[in-house]
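A.B. asks: I have a structure I would like to understand better, so I am pasting it below and will then ask my questions one at a time.
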Amino acid sequence: MGVVALFVFSLLYLAPGDPAAIIAGDIATVDDIARIRAVLGLDEPFHIRFGTWLWSILHGDLGSSIFSNLPVSTLIGQRVEATVSLAATTLVFAVLVAVPMGVVAAWKAGSLIDRAVMVFAVFGFSVPVFVLGYLLIFGFSISLDWLPVQGFVSITEGFWPFLRQLVLPTIALGTVYIALIARMTRAAMLDVLAQDYIRTADAKGLRTDRVLVGHALRNAAVPIVTVIGIGVALLIGGVVVTESVFAIPGLGRMTVDAILRRDYPVIQGVILMFSFVYVVINLLVDLSYTLFDPRIRY
Amino acid sequence: MALTVVSPTPPEAIKVRRRPWWVRNITIIAGGALLLAALLMALLAPWLGTIDPTALSPIRRLRPPSDQFWFGTDQLGRDLYSRVIYGARASLLVGAAVAAFAVAAGLFFGLVSGFNRWVDAVLMRVMDGLMSIPSVLLAVALMALTKASLGNVIVAIAVAEVPRVTRLVRSVVLGLREQPFVEAAVASGTSAPRILVRHILPNTIAPLLVQATYICASAIITEAILSFIGAGLPPSIPTWGNIIAEGRAVFQIRPQLILIPAAFLSATVLAINLLGDGLRDALDPRLARQM
């Protein structure tokens with residue numbers, strides 16, 4: 001996280017353009033700019049500025065947007081609902097689809113189902129999120145007119161309208177994630193299914209579903225959970241794109257807008273926050289290992 | 001991107017019949033053929049019946065596909081067919097350059113950190129930090145710093161891939177370091193650089209080749225994403241991402257402005273992924289699984 005903070009700060013430090021000159025405006029003199037720079041502490045050397053910046057971050061102050069002058073934390077707060085909703089539905093959807101897919105593929109290894117799952121996985125990796133998004137919009141919204149084209153409805157306005165808006169973005173964003181998890185599930189399950197205790201469980205007449213879920217899946221859980229955690233990076237990258245395609249007012253859109261306007265404090269804040277979320281999720285994943293494998297202790 | 005999940009060889013329980021070579025290597029053949037087609041398309045773009053992909057023509061805006069304009073025209077009257085064909089150049093160039101850059105840098109860092117404990121400790125913390133920033137965001141952040149150009153896009157995407165290659169190379173080196181043939185080389189007084197180049201390097205080639213194809217595929221997607229959100233190549237260069245981004249405004253009346261470049265983009269990435277899967281299975285599968 002320290003490296004991330006340093007990197008993100010360097011981003012602002014190295015950013016082209018002088019914030020003092022921008023704030024001062026067109027009619028400012030050189031003296032004015034120097035004064036503003038001193039007030040903002042911009043004339044301090046790198047390490048001191050980094051120190052003050054880090055200090056304020058740790059106090060929850062991410063700075064203010066160059067354009068709207070609103071604190072970045074407020075801006076993030078306004079947009080966080082849509083992004084969290086999309087990420088959460090995608091996560092649930094992807095895990096619910098991918099894990100059974102992977103389990104069945106491994107169980108029937110070499111069969112048509114297995115082939116189909118693997119082919120789907122390759123396609124899932126190959127079709128970019130926004131391509132899938134537009135295909136879905138074209139198919140289900142424009143041609144069939146079943147689902148709304150774009151936008152976002154808050155969950156406070158009712159659960160069904162909320163879900164209806166999220167169906168297409170969730171599928172678009174979830175596909176690559178499903179491909180990733182299904183492949184890992186299949187690989188992990190194949191390893192476990194070759195073990196002796198699986199044959200024992202089978203031989204003593206245990207029902208197939210009990211063997212698959214109770215014995216095999218439980219032992220294959222650690223790599224699967226790991227890849228779910230790593231895949232969150234895909235999810236975060238995909239959110240930025242999906243929100244643009246479906247015009248969802250979330251953090252991803254905010255990032256894109258900030259990039260187009262070169263609003264560095266906002267870009268910084270969002271990247272810092274996403275990276276933090278990513279690190280925390282992977283920490284939770286590491287901690288969850290003890291749930292699946294009692295041999296692992298911390 | 002963390003797309004390097006690898007399926008294992010089938011367990012012994014499943015008997016696989018020995019099939020003819022072209023059936024066993026069907027993914028390499030299919031992927032290779034598709035990729036070759038994309039490469040030829042990029043190289044021969046001026047001779048494939050294309051016109052200037054940036055030529056504006058206000059009088060023929062948003063034409064549907066016709067004999068003259070196979071895929072129709074966009075809102076500035078540019079020929080979509082020509083733009084899509086020329087778009088292959090940017091995508092393939094970015095993919096190949098990112099793969100080459102990331103593999104070269106990752107190979108260097110990985111070899112060094114695999115053989116020097118101090119460098120390893122520092123380097124791996126830096127790489128962990130870089131890896132904790134989702135790769136698309138990292139590229140976006142780097143692009144926000146610099147101006148849109150081909151070189152900058154390549155570097156921005158490659159930086160995110162370097163840590164993964166470094167880790168792969170490092171894990172191979174750490175495994176090989178304990179091998180008898182390396183110990184023998186050390187015992188006979190071979191210098192460390194020579195051991196790295198003569199004994200370690202050749203063993204990293206197979207997994208790196210596989211890794212390079214995956215990086216190439218994900219780089220092409222990332223480039224398209226960057227162009228799509230306006231942080232990639234300048235709009236003056238026809239790339240698949242740029243064409244799709246520009247087609248957004250008129251998607252509802254002319255969906256082919258998005259769907260056609262999208263199809264080319266997906267097919268190219270699919271080809272490279274197939275090639276990568278095939279190579280992984282054909283080359284030593286155990287080494288590739290270490291990622």
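The values are calculated or read from the model by the stated rules, or taken from the named source; none is laboratory data. Note that the structure is predicted; figures quoted are calculated from it, not measured. Every residue, glycine as well, gets a Cβ built from its backbone with ideal geometry; the counts of neighbours run over all protein chains shown. Heavy atoms of the whole protein, side chains included, go into the accessibility calculation; ligands, DNA and RNA do not. Shrake-Rupley method; radii C 1.70, N 1.55, O 1.52, S 1.80 Å.
A.B. asks: If residue B:120 meets every condition in (1) within 14 Å of chain A (Cβ to nearest Cβ); (2) acidic (Asp, Glu); (3) open to solvent by less than 40 Å² (accessible area, probe 1.4 Å) apart from one, which number is that one?
C.D. replies: Checking residue B:120 against (1) within 14 Å of chain A (Cβ to nearest Cβ); (2) acidic (Asp, Glu); (3) open to solvent by less than 40 Å² (accessible area, probe 1.4 Å), the one that fails is (1).
A.B. asks: Tell me whether region B:143-158 contains one or more residues that are among the small types (Gly, Ala, Ser), open to solvent by 10 Å² or more (accessible area, probe 1.4 Å) and free of Cβ contacts under 8 Å to residues at least 24 places away in the same chain. Can you show your working first?
C.D. replies: First, the residues of region B:143-158 that are among the small types (Gly, Ala, Ser): B:144, B:148-149, B:151, B:156, B:158.
Now restrict to residues that are open to solvent by 10 Å² or more (accessible area, probe 1.4 Å): B:148-149, B:151.
Within this subset, residues satisfying the condition of being free of Cβ contacts under 8 Å to residues at least 24 places away in the same chain are B:151.
Yes; the residues of region B:143-158 include at least one that is among the small types (Gly, Ala, Ser), open to solvent by 10 Å² or more (accessible area, probe 1.4 Å) and free of Cβ contacts under 8 Å to residues at least 24 places away in the same chain.
A.B. asks: Let me ask another. Collect the residues in region A:74-123 that are of a type in the set (S, T, N, Q) and either open to solvent by 50 Å² or more (accessible area, probe 1.4 Å) or assigned to a helix (DSSP H, G or I) (or both), keeping them in residue-number order.
C.D. replies: If the condition is that a residue be of a type in the set (S, T, N, Q) and either open to solvent by 50 Å² or more (accessible area, probe 1.4 Å) or assigned to a helix (DSSP H, G or I) (or both), then A:74, A:78, A:83, A:85, A:89, A:90 are the ones that fit.
A.B. asks: Among the residues of region A:271-284, is any among the small types (Gly, Ala, Ser) and at the interface with another protein chain (Cβ under 10 Å from one of its Cβ atoms)?
C.D. replies: Yes: one or more hits.
A.B. asks: Only one of B:210, B:269, B:186 is assigned to a helix (DSSP H, G or I) and free of Cβ contacts under 8 Å to residues at least 40 places away in the same chain. Can you tell me which?
C.D. replies: Details: B:210 fails: free of Cβ contacts under 8 Å to residues at least 40 places away in the same chain; B:269 fails: free of Cβ contacts under 8 Å to residues at least 40 places away in the same chain.
Being assigned to a helix (DSSP H, G or I) and free of Cβ contacts under 8 Å to residues at least 40 places away in the same chain holds for just one of B:210, B:269, B:186, which is B:186.
A.B. asks: Within the bounds of region A:174-191, is there any residue that is at pLDDT below 80, more than 19 Å from residue A:281 (Cβ to Cβ) and among the basic types (Lys, Arg)?
C.D. replies: Scanning region A:174-191, I find no residue that is at pLDDT below 80, more than 19 Å from residue A:281 (Cβ to Cβ) and among the basic types (Lys, Arg), so the answer is no.
A.B. asks: Of these, A:205, A:214, A:229, which one is more than 20 Å from residue A:100 (Cα to Cα), of a type in the set (Gly, Ala, Ser) and out of contact with any Gly (no Cβ under 7 Å at 6 or more places or on another chain)? Steps first, please.
C.D. replies: On the way: A:214 fails: more than 20 Å from residue A:100 (Cα to Cα); A:229 fails: more than 20 Å from residue A:100 (Cα to Cα).
Being more than 20 Å from residue A:100 (Cα to Cα), of a type in the set (Gly, Ala, Ser) and out of contact with any Gly (no Cβ under 7 Å at 6 or more places or on another chain) holds for just one of A:205, A:214, A:229, which is A:205.
A.B. asks: May I pose another question? So in region B:174-190, with the set limited to residues that are among the small types (Gly, Ala, Ser) and surrounded by 11 or more Cβ atoms within 10 Å (Cβ to Cβ), which one is farthest from residue B:119 (Cα to Cα)?
C.D. replies: If we take residues in region B:174-190 being among the small types (Gly, Ala, Ser) and surrounded by 11 or more Cβ atoms within 10 Å (Cβ to Cβ), then B:184 is farthest from residue B:119 (Cα to Cα).
A.B. asks: Return only the number of the condition from (1) open to solvent by 50 Å² or more (accessible area, probe 1.4 Å); (2) of a type in the set (S, T, N, Q); (3) in contact (Cβ under 8 Å) with a residue 12 or more places away in the chain; (4) over 30 Å from residue A:129 (Cβ atoms) that residue B:236 does not satisfy.
C.D. replies: Going through (1) open to solvent by 50 Å² or more (accessible area, probe 1.4 Å); (2) of a type in the set (S, T, N, Q); (3) in contact (Cβ under 8 Å) with a residue 12 or more places away in the chain; (4) over 30 Å from residue A:129 (Cβ atoms) one by one, residue B:236 breaks only (4).
A.B. asks: Mind counting the residues in region A:198-233 that are part of a helix (DSSP H, G or I), open to solvent by 40 Å² or more (accessible area, probe 1.4 Å), of a type in the set (A, V, I, L, M) and more than 30 Å from residue B:134 (Cβ to Cβ)?
C.D. replies: 2
A.B. asks: In region A:245-265, which residues are surrounded by fewer than 24 Cβ atoms within 10 Å (Cβ to Cβ) and either part of a helix (DSSP H, G or I) or facing chain B (nearest Cβ under 8 Å) (or both)?
C.D. replies: A:253, A:256, A:257, A:259, A:260, A:261, A:262, A:265
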